[in-house]
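Q: Before we start, here is the structure in question, set down as structure tokens.
The values are calculated or read from the model by the stated rules, or taken from the named source; none is laboratory data. Only a predicted model underlies this, so the values are computations on that prediction, with no experimental measurement involved. Every residue, glycine as well, gets a Cβ built from its backbone with ideal geometry; the counts of neighbours run over all protein chains shown.
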Amino acid sequence: MRDDTRVTNRYAPHVTRVGIVIGGAYRPRRPAMTRTEERLQASLLDPRTAQPRTLLHKALGAFWRWL
């Protein structure tokens, strides 16, 4: 195999010279999350662990809703 035709991404779609896309609809499965990752994601999404919004963010949010 020549160096310029080597595949760098295992799941990258291939476009032929006439414009046909091969393998463009394939999406690999996402890896399963470990318990630690699940706990971390749950704590980041939990409103009790979220930081309070600053006055600037509150003002920008009110302005954005007003638009």
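Q: Are any of the residues in the stretch 25-38 surrounded by 10 or more Cβ atoms within 10 Å (Cβ to Cβ), modelled with pLDDT of 85 or more and in contact with a helix residue (DSSP H, G or I) (Cβ under 9 Å, 6 or more places away or on another chain)?
A: Yes, that holds for at least one residue.
Q: Residue check, residue 44 against (1) exposed (fewer than 10 other Cβ atoms within 10 Å of the Cβ); (2) not in a helix (DSSP H, G or I); (3) not aromatic (Phe, Trp, Tyr), all met but one. Which one?
A: Residue 44 satisfies every listed condition except (2).
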